[in-house]
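Structure first, then comments.
The values are calculated or read from the model by the stated rules, or taken from the named source; none is laboratory data. Small disclaimer: the values here were computed from a predicted structure and weren't measured. All Cβ positions, even for glycine, are placed from backbone atoms using ideal geometry, and neighbour counts span all protein chains on display.
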Amino acid sequence: MSSTATSEKSVIRGRFHITGLKRYLLKRIAERLVLLFGILVFNFFVFQVLPTLYHINVAELYVPLSYKGLPRSELVQAIDRQFGLNLPLQERFFVYIESLLTFHLGISMHYDEPVLNLIEQRFPVTALLVIPSLLLSTVLAVVLGLYSISRQGKIGDSIVSFTAIMTYFIPSFWLGEIVLYVFGFYLNIFPTNIAEAITRNGVTLHGFAYWASLLKFLTLPILFLTVVSYGVRNILFRNNGVELMGSNFVNYLRARGISDRKIFYKHVTRNAIIPVFTRVGIDLAFLFAGVVFIEDVFNIPGLGRLLVSAAENLDIPLLEGDFYVISLFAVVILLALDLIYPLIDPRVKYE
Amino acid sequence: MIFEESTDVILKVDSLRTYYKTKRGSVKAVDDVSLFVDRAKVLGVAGESGCGKSTLVSTIFRVLPRNAQVVSGEVKFKGQDILSMDLKTFRKTIVWKDIAYIPQASMDVLDPVYKVKDQMMETIMEHEDVSKAEAMERIYKALESVGVPPEKADMFPHELSGGQRQRVVIAMALLLNPSMVVSDEATTALDVITQAKILKMMKDLQESRKFSMMFVTHDLALLANISDSVLIMYAGKVVEFGDVEKIFRNPLHPYTRALIDAIPDLRLRKKKKLVSVPGYPPDLENPPKGCRFAPRCPIAMPICREKEPELTKVEGFHYVACHAVSRK
Amino acid sequence: MNKVIKDLLSRKSFIFSIIIIGFFSILAVAAPALTTYSNPYLPSQQYVAAPYAVPSWATIFPQYKELPPDVSFTFTKYVSSDSSYVTAVNASYIKVVVPPGQTVNVSFPFKWNWSHPYDVVVSFKLLTPSTTSFVVNLYFNGLYAMELCPVPFPVEPAVSISPGKVNSVVFDSKYISPANSPFASELPLSEQPLAAYEFPSYALPKPGTYNVTVSFENTGSSKEVFVMSLPSYSSLGYVYGKLGTDDNGASVFAEFVYGARFDLYLSLLASALIIGIGLFIGLLAGYVGGFTDLSLNALTDFFLLIPGLPLLVVLISIFDVTGTIVNVNKPILILLIISLLSWPGTAKIIRGQTLSLKGRTFVEAAKALGEGNLRILFRHILPNLMGILFAQLAYDVPGVILAESGLDFLGLGITGFPTWGNMLGFATYNVSFINGFAWWWVLPPGIGIVLLSTAFYFFGSAMLDVLSPYKLRGE
């Protein structure tokens, strides 16, 4: 390729940069929306088509067997009318999509509360659990990764990397229970019951005190989640860094007399962090689905546990709503990632 | 000794041995290599890939991988022994200010996440205490001297073409006005036309700025026009070293002859068969006894498999390590 | 190929993985030979020792040193208050003649080397005289354990015994109550419900010599003759086998071994299935390209995006409720669902590799030579994917094990027989302040999962390194 041709091309590319960005954005949004739609169709199939095919009135599933209140048959009829569950499937689909788009997610009979309320209550709890541990584990992954890279092939690196791989395969529910026993019961360092943690003398705390106590209760699960989730990022960072340390540009930097510190922190770290960033983004997108076990073990009333309990009770409105919100969240985060990614890695263009 | 041929030496490599440690033993990548480069002169170094050229360059710049080790020998630059020098001082005061390096500008020779100008700026700032504006000025000048438009400085390495990248890397070497430049396969990956352009540019720069150059390549043909003296390496050893005229007119080592025969010569329009050297370079972990070229040599004699030939003077500035030659 | 094996064997991580995988494979294959309990979740295979019995090797720790193992033996020695009334019939039977109005005691001494056992069972056969004027009492040292009366409905806590017949007398401390044991009825009211648990600690509190005494009391006016077998003694200990017992006294080792068997079996099958689907989709998308690629890619993204574990939970619940698949058993259902939700990662990687292979010179050359698509796929592309396929197979195994264990842990997976997930679930449920921490039960399945997963991971990485096409061609 001759150099003049390329330079012309880049000038053109520069001038139409905005259009490129717009097109890139539109394409990405369209792709992600199609994906979201696909997920909704799939959910509709699982929650509505499948039971109908087996001649099960979906409304029956809306009312848990344990529900005590109005007579069951009356309730089922009311739900049929309200959600149009006795309509033919094709009409029902539009009702379903409309209700999701307008966030009319219905009422969970199991909890006897609107689904949206439930999700709104649980969201901050899970966020308070996941976001600090996301940050902590990323920092841990990078710090340990830097250690590994600087001692590549030595015993320290082997131990750190091996531990990271092991943590990745630890069943979180198992180690969680052990950690809870050791720190919560045996050593009695952390509160183990959320109800006790957020009340004092039988009165529920409010404001700052509430959040502070909640955070204290969450400290153990946050630390635990950090430990079981840093492994992948650590290995990604480490392997990438090790590869980069032997790469041409690092060699060239050394030949140029650039100090080792600068090469290590400014160049290798900056490059090796790219896949870690991607990974963190994906983890963030799927965070609500990812902490099910931890919430279960540590008894945290978060979104993950809500989802599992909904699944166990076949609480269909809650399931539909929860799945929708989780998928929506994932799609939004992934889209944001697509936008930020070129800033992190200049090789990726808005194209 | 070869050093008697030197008139105004700037770089002197004396009996250098650099070995790689592996699980099974050591690879003798550079084994007893001596050479010199004179001021404002060009030394061409040629040899097949894996003959130790790059290890030689890495040793000079002290950027050997962890498993490599200088076993013996010394490298003197402007009279200073740069191998035994404190590494920090070496990097701060000698590298780039006095002796710069031009690698092959492969895709990943520059850090992909920083702009060209930032990487050049970093290189200047590491060695000299100048203002940013002044540094920028120098960057633009350097880019101009290699024929790269100044707006390219604002680009990321992957946005440049291969030729541009090579030019940028050359500009990088000239940033601090070094008195010597080592080029390692600087034109290898380029197409023939770009290669010729860049080669000419390098020669022009060398002549106008009067820096010394060590030009390392696997392509002996390139050396005819650019260098003053030529050194041929085979399997970690120097097999022939001498004045460029002498080497090309009168190649003495069978390996050099084979390399020169392998150059297609269109100008002569001779009906010349395209020849390649049969066989493969030896395993450097376990080099053959005697002359390392013996297993591939068309004129090998029994002694070649017994005794290692020494680099001996033929006449004038022309040295060769071959039993067949020294016997004549 | 030889070079490949040499290369593999020079890697420490590969050696580690082979040793671990080999170890668990041997456990899995040899399971029937290693343990007699094929399904420790069946009641018939429980109570092989006390619940929460520690492994036998754990007695090297001081806190477990005194704990008794399972003990069972038949007495051989006896001592009587008046030896002229007691004579041996043969090696295992003795005859006891009791004069009217008198009591003859026969004691069976034994040595006990540990702290108290979980239970105490003493049993013997007894031929009684055909009158009703006698009482037979069983004492455990000084403890009045049992009273046998030859009437159909004796006064509690006496127990009925048939006169003139061979009776099988069994004293089992697990079942004592104020209704059948004087020991229990003599306890303070508040302790009576706990009699079954307290008896062993009263009877055999610490190492020493103890005796079981059978006392024959003739309340009639003529002499009575009894014939009894030498009694046998058995008790469940707090020390059992290689890995102790769970809360039901079932062998944890048996659970672990059969769990390994199932987990390996399931995960290899599921991984093969995942590879199958992933290979099909990935090859198709990568090789055909165009719209096929676009839609298959969208499908892959879709499966990547749906929250896997909750969906797994939902699907299994839905299938349970609707009875969609009635005739398929649970393991197969789980296998299918896990596979169907796990292939996208594999498919993506295979697609990427296929794309890059497709652009390589040797494939272009084959095309130019007019080779058919199928031939190119099987001759040129597939062989170059081998490294990746092996690696993916190995990488998928841990994923399947973890997913299956997660389901079991939540109680949605397999329930009828032990898997590592079930063990984890049950064991961790029982980790509490009251029960303490049954480490021999809690730790093995988790450590098993971590070790086996790590081993498969290293195995896969080594395979990828060694078998990847670039390495093979020495590039």
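Here are the numbers for the structure shown:
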quantity: Residue count, region B:93-106 (criterion: surrounded by fewer than 19 Cβ atoms within 10 Å (Cβ to Cβ) and facing another protein chain (nearest Cβ under 7 Å)); calculated: 1
quantity: Single condition C:ILE306 does not satisfy, out of (1) touching a Phe, Trp or Tyr at 6+ places or on another chain (Cβ under 8 Å); (2) closer than 14 Å to C:ARG351 by Cα; (3) within 14 Å of chain A (Cβ to nearest Cβ); calculated: (2)
quantity: Residues located in region A:161-186, provided they are surrounded by fewer than 17 Cβ atoms within 10 Å (Cβ to Cβ) and either more than 12 Å from every other protein chain (Cβ to nearest Cβ) or within 19 Å of C:GLY421 (Cβ to Cβ) (or both); calculated: A:MET166
quantity: Selected residue (only one of B:LEU190, B:LEU252 is free of Cβ contacts under 8 Å to residues at least 40 places away in the same chain, farther than 16 Å from B:LEU35 by Cβ and outside any strand (DSSP E or B)); calculated: B:LEU190
quantity: Some residue of region B:185-196 being surrounded by 23 or more Cβ atoms within 10 Å (Cβ to Cβ) and farther than 23 Å from B:LYS132 by Cα; calculated: yes
quantity: Extreme residue, surrounded by the most Cβ atoms within 10 Å (Cβ to Cβ), among residues of region C:187-228 that are without any contact (Cβ under 8 Å) to a residue 60 or more places away in the chain and assigned to a loop (DSSP other than H, G, I, E, B); calculated: C:LEU187
quantity: Helices (runs of 4 or more DSSP H) completely within region A:134-222 that count 2 or more residues being at pLDDT 80 or above; calculated: A:155-169, A:172-179
quantity: First in region A:232-248 and not assigned by the TED database to the domain that holds A:LEU144, second anywhere and modelled with pLDDT of 90 or more and surrounded by fewer than 24 Cβ atoms within 10 Å (Cβ to Cβ), Cβ under 7 Å, 6 or more apart; calculated: none
quantity: So C:LEU402, is it closer than 30 Å to A:ASP322 by Cα and not in a loop (DSSP other than H, G, I, E, B); calculated: yes
quantity: Residues being of a type outside the set (A, V, I, L, M), surrounded by fewer than 18 Cβ atoms within 10 Å (Cβ to Cβ) and not in a loop (DSSP other than H, G, I, E, B) - total across region C:27-46; calculated: 3
quantity: Any hit, region C:10-26, residues being modelled with pLDDT under 90, in a helix (DSSP H, G or I) and not β-branched (Val, Ile, Thr); calculated: yes
quantity: Failed condition for C:GLN63, given (1) in contact (Cβ under 8 Å) with a residue 40 or more places away in the chain; (2) over 25 Å from C:SER222 (Cα atoms); calculated: (1)
quantity: Residue satisfying all of: in region A:275-287; of a type in the set (A, V, I, L, M) and in contact with a helix residue (DSSP H, G or I) (Cβ under 6 Å, 6 or more places away or on another chain); nearest to the other protein chains (Cβ to nearest Cβ) among these; calculated: A:ALA285
quantity: Region B:107-120 residues that are within 7 Å of chain A (Cβ to nearest Cβ), paired with ones that are of a type in the set (D, E, K, R) and surrounded by 21 or more Cβ atoms within 10 Å (Cβ to Cβ) (beta carbon under 8 Å, 6 or more apart); calculated: B:VAL109/B:ARG165; B:LEU110/B:ARG165
quantity: Unique match (being more than 7 Å from every other protein chain (Cβ to nearest Cβ) and closer than 30 Å to B:ARG91 by Cα) among A:GLY290, A:GLY241; calculated: A:GLY241
quantity: Counted residues, region B:122-137 - those being part of a helix (DSSP H, G or I) and over 26 Å from the mean Cα position of the chain (by Cα); calculated: 7
quantity: Scope region C:411-447; condition crowded, with 19+ Cβ neighbours inside 10 Å, closer than 20 Å to C:SER56 by Cβ and at the interface with chain A (Cβ under 10 Å from one of its Cβ atoms); matching residues; calculated: C:MET423, C:ALA427, C:PHE437, C:VAL442, C:PRO445
quantity: Qualifying residue in region A:224-238 (condition: away from chain C (no Cβ under 14 Å) and part of a loop (DSSP other than H, G, I, E, B)); calculated: no
quantity: Count - residues of region A:249-282 that are buried (at least 17 other Cβ atoms within 10 Å of the Cβ) and closer than 20 Å to B:ILE60 by Cβ; calculated: 11
quantity: So A:LEU87, is it in contact with a Ser or Thr (Cβ under 7 Å, 6 or more places away or on another chain), surrounded by 13 or more Cβ atoms within 10 Å (Cβ to Cβ), at negative phi and not small (Gly, Ala, Ser); calculated: no
quantity: Scope region B:127-156; condition facing another protein chain (nearest Cβ under 10 Å) and under 20 Å from B:ALA100 (Cα atoms); matching residues; calculated: B:HIS127, B:GLY147, B:VAL148
quantity: Qualifying residue in region A:246-253 (condition: assigned to a helix (DSSP H, G or I) and more than 10 Å from every other protein chain (Cβ to nearest Cβ)); calculated: no
quantity: Count of residues meeting criterion [modelled with pLDDT of 90 or more, outside any loop (DSSP other than H, G, I, E, B) and touching a strand residue (DSSP E or B) at 6+ places or on another chain (Cβ under 7 Å)] in region B:38-67; calculated: 12
quantity: For C:GLY259: the one exception among (1) out of contact with any Gly (no Cβ under 8 Å at 6 or more places or on another chain); (2) outside any loop (DSSP other than H, G, I, E, B); calculated: (1)
quantity: Any hit, region C:189-197, residues being in contact with a helix residue (DSSP H, G or I) (Cβ under 8 Å, 6 or more places away or on another chain) and under 18 Å from C:LEU148 (Cα atoms); calculated: no
quantity: In region B:68-92, the residues that are part of a strand (DSSP E or B) and either at the interface with chain A (Cβ under 9 Å from one of its Cβ atoms) or among the aliphatic types (A, V, I, L, M) (or both); calculated: B:ALA68, B:VAL70, B:VAL71, B:VAL75
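To keep it simple, each residue is scored yes or no on (1) within 14 Å of chain A (Cβ to nearest Cβ); (2) part of a helix (DSSP H, G or I); (3) in contact (Cβ under 8 Å) with a residue 40 or more places away in the chain.
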site: C:SER234; (1), (2), (3): no, no, yes
site: C:GLY237; (1), (2), (3): no, no, yes
site: C:TYR265; (1), (2), (3): no, yes, yes
site: C:LEU269; (1), (2), (3): no, yes, yes
site: C:LEU283; (1), (2), (3): no, yes, yes
site: C:THR292; (1), (2), (3): no, yes, no
site: C:LEU311; (1), (2), (3): yes, yes, no
site: C:SER317; (1), (2), (3): yes, yes, yes
site: C:ILE337; (1), (2), (3): yes, yes, no
